[in-house]
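The values are calculated or read from the model by the stated rules, or taken from the named source; none is laboratory data. Not measured: the values here are computed from a predicted model. Each accessible area value is taken on the protein alone, full model and side chains, heavy atoms only, with ligands, DNA and RNA left out. Shrake-Rupley method; radii C 1.70, N 1.55, O 1.52, S 1.80 Å.
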Amino acid sequence: MQVAKNRPVLVFFTTIDMVNEFYMSDQFKALKGNSITLTERNDADATKTRIIRAARVKNITIMTRAFGRGIDFVVGEKDVKDAGGIHVIQTFISSEESESKQVEGRTARQGGVGSYELLIEED
């Protein structure tokens, strides 16, 4: 995974186990310094804080699909906006098109800019 300078990245996985596995992987080790996880196991205060942090400069947030709907990742920093906004990576194929649209919609909330990609591993 390459992270563009100043752009926050949101990475969506299907399960908590997948979030934890990726977070602990050797492939992700070099990026851990600017990263957090966000799952249903976080308490309300931690969830709120992590959602705010997720949209900040250079942060990588690894999360479950539950956060792909109804959550506003609000970009407030000019550096993030100038760099192209939030980049969203979805790591699974949704069974419902509406879910994919919701995940993709995390990129550009409130008329902002952002980008999206679907990355899946071939078996």
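General remarks:
- Whichever lysines have a C-alpha closer than 25 Å to that of residue 81, once near sequence neighbours (fewer than 8 apart) are set aside: 5, 32, 48, 58, 101
- Among the protein heavy atoms, those of residue 40 account for about 100 Å² of accessible surface (1.4 Å probe, every chain in place).
- Rolling a 1.4 Å probe over the protein heavy atoms leaves residue 7 with an accessible area of roughly 30 Å².
- Residue 61 sits with roughly 0 Å² accessible to a 1.4 Å probe, with DNA, RNA and ligands left out of the calculation.
- Once the chain from residue 79 to residue 20 is taken as fully extended at 0.36 nm per residue, the excess over their C-alpha distance is 18.3 nm.
- Taking all protein chains into account, the per residue accessible area for segment 38-123 stands at 59 Å² (1.4 Å probe).
- Once the Cα-Cα distance is subtracted from the 0.36 nm per residue extended length, the residue 101 to residue 46 segment shows a gain of 17.2 nm.
- Most to least accessible of 72, 43, 26 (protein chains only, probe 1.4 Å): 26, 43, 72
- Within a Gaussian network of the chain (alpha carbon springs, distance under 10 Å), most fluctuating of 28, 73, 12: 28
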